[in-house]
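Structure first, commentary second.
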Amino acid sequence: MKSLVKPRAVVIGGSLGGLLTANTLRAAGWEADVFETSSKQLESRGGGVVLQPDVLDALAYANVELPDPPGVMSGDRIYLDRDDRVVEQLYMPQMQTSWSLLYRAMKNALPASALHAGETFVDFQMDGEQIITQFESGRSERADLLIGADGIRSTLRQRLLPEVVPVYAGYVAWRGLVEESDLPRVAADVLRNRFAFQQGDGYSGLCYLIPGENDSTVFGERRWNWVWYRKYTAERLAELLVDRNGVKRAFSLPPGSTKRADIAHLREDAPKWLGPTFRALVDATDDPFMQPIVDLRSSKMVFGRAVLLGDAASVPRPHTAGSTAKAAANAHALALALSSTWQSDVTIDSALTRWENQQLQRGRLMTDMGISLGDRLMQIAR
Ligand SMILES: Cc1cc2nc3c(=O)[nH]c(=O)nc-3n(C[C@H](O)[C@H](O)[C@H](O)COP(=O)(O)OP(=O)(O)OC[C@H]3O[C@@H](n4cnc5c(N)ncnc54)[C@H](O)[C@@H]3O)c2cc1C
């Protein structure tokens, strides 16, 4: 036995990547604390997450309990044309859940003393083999490892790899959530129990059911989660990113921030592109919101005792349904790699090197796949 003192990780970011990391590391015998810039409970931006095996594996390893069932099953994938005819149908069962269900389950699994809201990471410095993390509040924390799970605009990545920045892919995802009972019956009958798509020249839509706000999967209490990918020039995107209070948003428009005029335009445009079912979804949505699609890939994830993971390290396009799965795989593999370090001769540094090699490759595969799927779908030539 090498040590009786548990090693400690400071995790920056209290969204899915950070919570997955803290839960899996604690299951591996580490101390792990989460520091999140937002002082409030985070609110779901969009709802829908395809529940991939990587997420379930990581949560099982960390003994995080999920509601039963943890999501809504779909059986067939259907592809509709603009007249709502089913042009393709294939049996491809999968489960969809919500961002907030996963968030709550993971947050509840951590002791309150491990969660530090309202703490913004600003910098770090090394002190021998220890890393000292500094926060805007003046607080500093000493640990064996610093983990940046601080998302697409990661401060830690900006500090370590300032040249790596998100690049706009030329299109955005308009998204919306509709209470199950608020969608007209004729559209609901087309969509229920299915993962539905409508694809055309340079645009694409998809829809599936997710649990309700209270995690309910009972018929009538769930929500329709839809996405409409559309191309915009960088100039038009910049206009759309000005929110309804006139504030220029750097990255996305969360629910409740899209200008009324832009929502009206979206509704006006819907009949030019979408068939009756997808149109009904847009019409039934009070507050559509928007997320530009970007590409981002870091060439490294380990920098001595500082580590990047989840969206901070690389962002696969959403067609892969893989951002959360990648964050889960990063976190789970990190915990497995580090589990033996404090009671054996495996060093933290050698465990991190092996982990980085595997996870960089996974990130590359997923980002490549996302670019290829997205460009083909949106008919973008590069
Ligand atoms: C509020 C919120 C809601 C979301 N809702 C959905 C959804 O409904 N569907 C979906 O598919 N995806 C959603 N996502 C994105 C999804 O979580 C990620 O794409 C994926 O799960 C990888 O997560 P991540 O933790 O690596 O990055 P992110 O989810 O982007 O989380 C990064 C976290 O780091 C925090 N942070 C950033 N900078 C600092 C700093 N300097 N100091 C401390 N903390 C910092 C951010 O506030 C954020 O909570 C959401 C993300 C957020 C933040």
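A few comments on the model shown:
- Flag for Ser257 being within 24 Å of the chain's Cα centre (by Cα), hydroxyl-bearing (Ser, Thr, Tyr) and either modelled with pLDDT under 95 or not in a strand (DSSP E or B) (or both): yes
- Residue match in the stretch 298-311 (condition: within 17 Å of the chain's Cα centre (by Cα), part of a helix (DSSP H, G or I) and crowded, with 18+ Cβ neighbours inside 10 Å): yes
- Number of the exception - Gly138 against (1) in a helix (DSSP H, G or I); (2) at pLDDT 95 or above: (1)
- Flag if Gly363 is farther than 28 Å from Gln130 by Cα and of a type in the set (Gly, Ala, Ser): no
- The set of residues from the stretch 79-109 being closer than 19 Å to Ser204 by Cα and without any contact (Cβ under 8 Å) to a residue 12 or more places away in the chain comprises Arg85, Val86, Val87, Glu88.
- Out of Ala187, Ala261, sole residue that is touching a residue at least 12 places away in the same chain (Cβ under 8 Å) and hydrophobic (A, V, I, L, M, F, W, C): Ala187
- Lone unmet requirement of (1) within 11 Å of the ligand (Cβ to nearest atom); (2) surrounded by fewer than 23 Cβ atoms within 10 Å (Cβ to Cβ) for Glu88: (1)
- Test: residue in the stretch 93-116 that is in a loop (DSSP other than H, G, I, E, B) and either farther than 29 Å from Ala270 by Cβ or more than 16 Å from the ligand (Cβ to nearest atom) (or both): yes
- Whichever residue in the stretch 117-129 is touching a residue at least 40 places away in the same chain (Cβ under 8 Å) and assigned to a strand (DSSP E or B) and, among such residues, is farthest from Asp349 (Cα to Cα): Ala117
- Number of the condition not met by Tyr171 [criteria: (1) surrounded by 20 or more Cβ atoms within 10 Å (Cβ to Cβ); (2) farther than 20 Å from Phe289 by Cβ; (3) more than 14 Å from the ligand (Cβ to nearest atom)]: (2)
- Of all residues in the stretch 143-162, none satisfies being touching a strand residue (DSSP E or B) at 6+ places or on another chain (Cβ under 6 Å) and farther than 25 Å from Ser314 by Cα.
- Selection status of Ala325, of a type in the set (A, V, I, L, M), in contact (Cβ under 8 Å) with a residue 60 or more places away in the chain and touching a Pro at 6+ places or on another chain (Cβ under 9 Å): yes
The values are calculated or read from the model by the stated rules, or taken from the named source; none is laboratory data. Bear in mind that the values here come from a model prediction, so they are computed numbers and not experimental data. So basically every Cβ, Gly included, is an ideal-geometry build from the backbone, and we count neighbours across all protein chains shown.
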